[in-house]
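Structure first, commentary second.
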């Protein structure tokens, strides 16, 4: 019974999450959007650089952030600002995980590209649980930051 109540609560809270996609590769961004929508969540915007990401920040709860964007390797700074200034749960998704290997203050972790939809789903569930102060298993493909 308690497990069903918890699942229901998680599903309800998952449905209310708004996701920002910070990615300059259009097809990758569209793939992320499809997975986010398949989970019943809303994509609040797409950003290809720091200025766009910070413009969308007030509308997001969770963000997927690439490291290398159209304005350079601004992803780590964007992630830190999204987490610290806006309370957004940030997951980096990058082909260059070594660039954030030491962690980025306030962010959750990093997943290496290419990323399968199942990994995106697991990362979203982890971010939702984290935002709601719940314990959750770190997805196997994610390197969590302390």
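For segment 61-74, does any single residue satisfy the condition of being touching a strand residue (DSSP E or B) at 6+ places or on another chain (Cβ under 8 Å), modelled with pLDDT of 95 or more and assigned to a helix (DSSP H, G or I)?
In the first step, residues of segment 61-74 are kept if they are touching a strand residue (DSSP E or B) at 6+ places or on another chain (Cβ under 8 Å); the result is 61-69.
Next cut, modelled with pLDDT of 95 or more only: 61-69.
Okay, now just the ones that are also assigned to a helix (DSSP H, G or I), so none.
No; the residues of segment 61-74 include none that is touching a strand residue (DSSP E or B) at 6+ places or on another chain (Cβ under 8 Å), modelled with pLDDT of 95 or more and assigned to a helix (DSSP H, G or I).
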Given the conditions (1) under 15 Å from residue 65 (Cα atoms); (2) free of Cβ contacts under 8 Å to residues at least 40 places away in the same chain; (3) loosely packed, with under 14 Cβ neighbours inside 10 Å, report the number of the one that residue 96 does not fulfil. (3)
Suppose we filter 104, 119, 91, 110 for residues that are surrounded by 16 or more Cβ atoms within 10 Å (Cβ to Cβ), in a loop (DSSP other than H, G, I, E, B) and modelled with pLDDT of 95 or more; which single one remains? 104
Residue list for segment 124-146, restricted to those being in a helix (DSSP H, G or I) and out of contact with any strand residue (DSSP E or B) (no Cβ under 9 Å at 6 or more places or on another chain): 125, 129
Enumerate the pairs (first residue in segment 21-35 and surrounded by 18 or more Cβ atoms within 10 Å (Cβ to Cβ); second residue anywhere and in a loop (DSSP other than H, G, I, E, B) and at pLDDT 95 or above) with beta-carbon separation below 7 Å, excluding pairs fewer than 6 apart on the same chain, so at least 6 apart or on different chains. 22/66; 23/66; 29/23; 32/23
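The values are calculated or read from the model by the stated rules, or taken from the named source; none is laboratory data. The shown structure was predicted, so the numbers you read here are calculated from the model rather than taken from an experiment. Note that we place each Cβ from the backbone using ideal geometry, even for glycine, and neighbour counts take in every protein chain shown.
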